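S.K.: One structure follows; several queries about it will come next.
The values are calculated or read from the model by the stated rules, or taken from the named source; none is laboratory data. Remember, it's a predicted structure, so these values are computed and weren't measured experimentally. Every residue, glycine as well, gets a Cβ built from its backbone with ideal geometry; the counts of neighbours run over all protein chains shown.
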Amino acid sequence: MKNILFFLLPKRDVVFLNVNCSLKFALEVMEKNGYSAIPLISDKGKYVGTLTEGDLLWGFKNNPDINFDNCSRFDLKDLKLSRRIKSAKIGEPHETILHMAKYQNFIPVTDDNGVFIGIIRRQEILDYLLGDDLQYALHDSEYKV
């Protein structure tokens, strides 16, 4: 299997959010991009978790002070993240990356200091493992999702 960096979508090409942005901004970004999960980073660029649609839903449900009219006054850091989406370091063994991809649509990747540098998408791993022939055969077929 190729080096982990072969699969890396660099941070500059990834939609991510800062923990200090508002719930309203997060909702708008997720809706605009059609994402159900987005990496969260700190002011220092460190990966702190992944925000999911469920986190937003439960945040609204469990906090009676938050509603759609005032959600711009609440920050993501005020939400409890329901799932712990693990990140991988650059030097992770391939087996670890494959195991993580089994449970996560994408794997946040950090450097040795925990700074977010990008993601690895499960789709790229599967495309590589399935090989080019199958990837291209399915690309234009009725089975593509």
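Yes/no per residue for (1) at negative phi; (2) in contact with a Phe, Trp or Tyr (Cβ under 9 Å, 6 or more places away or on another chain); (3) among the hydrophobic types (A, V, I, L, M, F, W, C); (4) touching a residue at least 40 places away in the same chain (Cβ under 8 Å):
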| site | (1), (2), (3), (4) |
| --- | --- |
| Glu31 | yes, no, no, no |
| Gly34 | no, no, no, no |
| Ile38 | yes, yes, yes, no |
| Lys46 | yes, yes, no, yes |
| Lys61 | yes, no, no, no |
| Ser72 | yes, yes, no, yes |
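S.K.: Within region 47-68, how many residues turn out to be closer than 15 Å to Val15 by Cβ and surrounded by fewer than 18 Cβ atoms within 10 Å (Cβ to Cβ)?
M.R.: Result for region 47-68: 1.
S.K.: Within region 69-92, does at least one residue satisfy the condition of being assigned to a loop (DSSP other than H, G, I, E, B), modelled with pLDDT of 90 or more, more than 12 Å from the chain's Cα centre (by Cα) and surrounded by fewer than 16 Cβ atoms within 10 Å (Cβ to Cβ)?
M.R.: Yes, that holds for at least one residue.
S.K.: Here is a further query. Take the conditions out of contact with any Ser or Thr (no Cβ under 7 Å at 6 or more places or on another chain), at pLDDT 95 or above, surrounded by fewer than 13 Cβ atoms within 10 Å (Cβ to Cβ) and more than 26 Å from Ala101 (Cα to Cα) and apply them to Lys44. Does it pass? Walk me through it before giving the result.
M.R.: Working: out of contact with any Ser or Thr (no Cβ under 7 Å at 6 or more places or on another chain): yes; at pLDDT 95 or above: yes; surrounded by fewer than 13 Cβ atoms within 10 Å (Cβ to Cβ): yes; more than 26 Å from Ala101 (Cα to Cα): yes.
Criteria met by Lys44.
S.K.: Another question, if that's okay. Kindly evaluate Ile119 against the criterion of being crowded, with 19+ Cβ neighbours inside 10 Å, outside any helix (DSSP H, G or I), modelled with pLDDT of 85 or more and among the aliphatic types (A, V, I, L, M). Steps first, please.
M.R.: On the way: crowded, with 19+ Cβ neighbours inside 10 Å: yes; outside any helix (DSSP H, G or I): yes; modelled with pLDDT of 85 or more: yes; among the aliphatic types (A, V, I, L, M): yes.
Spelling it out, Ile119 is indeed crowded, with 19+ Cβ neighbours inside 10 Å, outside any helix (DSSP H, G or I), modelled with pLDDT of 85 or more and among the aliphatic types (A, V, I, L, M).
S.K.: Here's another thing I want to ask about it. Contact list please: Cβ distance under 7 Å, first residue in region 113-125 and in contact (Cβ under 8 Å) with a residue 24 or more places away in the chain, second residue part of a helix (DSSP H, G or I) and not hydrophobic (A, V, I, L, M, F, W, C), pairs at least six apart or on different chains.
M.R.: Phe116/Lys11; Ile117/Lys11; Gly118/Lys11
S.K.: For Asp13, are the conditions met, namely being within 17 Å of the chain's Cα centre (by Cα) and either among the basic types (Lys, Arg) or closer than 17 Å to Ile120 by Cα (or both)?
M.R.: Values: within 17 Å of the chain's Cα centre (by Cα): yes; either among the basic types (Lys, Arg) or closer than 17 Å to Ile120 by Cα (or both): yes.
Spelling it out, Asp13 is indeed within 17 Å of the chain's Cα centre (by Cα) and either among the basic types (Lys, Arg) or closer than 17 Å to Ile120 by Cα (or both).
S.K.: Looking at Ile97 and the list (1) over 19 Å from Val115 (Cβ atoms); (2) assigned to a helix (DSSP H, G or I), which single condition is not satisfied?
M.R.: All conditions are met except number (1).
Yes/no matrix, rows are residues, columns are (1) of a type in the set (D, E, K, R); (2) in a helix (DSSP H, G or I):
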site: Val48; (1), (2): no, no
site: Trp58; (1), (2): no, yes
site: Asp112; (1), (2): yes, no
site: Leu129; (1), (2): no, yes
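S.K.: Can you name the residue in region 5-41 that is closer than 17 Å to Gly118 by Cβ and out of contact with any strand residue (DSSP E or B) (no Cβ under 7 Å at 6 or more places or on another chain) and, of all such residues, is surrounded by the fewest Cβ atoms within 10 Å (Cβ to Cβ)? Don't jump to the end; show me each part of the working.
M.R.: Taking region 5-41 and keeping what is closer than 17 Å to Gly118 by Cβ, we get 5-18, 33, 35, 37-41.
Add one more test, that the residue is out of contact with any strand residue (DSSP E or B) (no Cβ under 7 Å at 6 or more places or on another chain), and what stays is 5-6, 12-13, 33, 35.
Details: Leu5: 12, Phe6: 10, Arg12: 7, Asp13: 9, Asn33: 10, Tyr35: 15.
The selected residue is Arg12.
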